[in-house]
Amino acid sequence: MRFLSTLLLLATATLAFGGTHRTHIVNTDGDTEFEFVKDSDGDTWATFKRGGVRYFTTDPSTLAAIDKAMEKHRELSREHSRLGRKHSDLGREHSALGREHSRLGREHSRLGREASRYGNTEGLESQQRALEDEQRQLEAKQRKLEDRQRDLENEQRALEAKQRIAEEESNRAIGEIFERAIREGKARRN
């Protein structure tokens, strides 16, 4: 169920635009497969395949239980989206700093060319010092940005650990839900 959060996010966006919400999960052991579908016309169904045998259900109570078992994944998908936006924001800030570093580099080059061309370095030295001050300020901003990046990466790792636990719990819960539905005749062989 490694890709559930991404699939849920894409499926939810599709449903919001009147399409079909389809979640397809293949268990990491390769033996189990699960699909949960919500059509825009209101049809909802799920399939569960284990050991080469596929079961199908449209039972409302079974589907509601499956939907509830997947809620933690949806919550974590929203959290992944939030972190993605933060990464994107940091990327824009890194780009802005890069452009500023580039501008300062061009200014340093220009001053160096002027100094070698005219030989008069008195006025250029104060400009050079001002540029060096700007460079130090940019480097301080860069360090703060890198600290924020590390914090965000730590948050991402913690979220991924939660995701692994939620996947295991969801895999187990969905398997149990389908096993119960099969026993109770609410899921049939497909």
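The values are calculated or read from the model by the stated rules, or taken from the named source; none is laboratory data. Because the structure is predicted, anything quoted here is derived from the model rather than measured. Please note: Cβ atoms are built from the backbone with ideal geometry, for glycine as well, and neighbour counts cover all protein chains shown.
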Would it be correct to say that L152 is within 18 Å of R99 (Cβ to Cβ) and among the aliphatic types (A, V, I, L, M)? no
Matching residues in segment 102-129 - criterion: being within 45 Å of the chain's Cα centre (by Cα) and either surrounded by fewer than 12 Cβ atoms within 10 Å (Cβ to Cβ) or touching a residue at least 40 places away in the same chain (Cβ under 8 Å) (or both): S102, R106, S109, R129
Top-ranked residue in segment 37-76 [being part of a helix (DSSP H, G or I) and of a type in the set (S, T, N, Q); ranked as nearest to the chain's Cα centre (by Cα)]: T62
The conditions are (1) without any contact (Cβ under 8 Å) to a residue 40 or more places away in the chain; (2) surrounded by fewer than 15 Cβ atoms within 10 Å (Cβ to Cβ); (3) not charged (D, E, K, R), and H94 fails exactly one of them. Which is it? (1)
Being at pLDDT 90 or above, in a helix (DSSP H, G or I), within 21 Å of the chain's Cα centre (by Cα) and not assigned by TED's automatic domain parsing to the domain that holds G51 narrows it down to one of R143, R157, R136, so name that one. R157
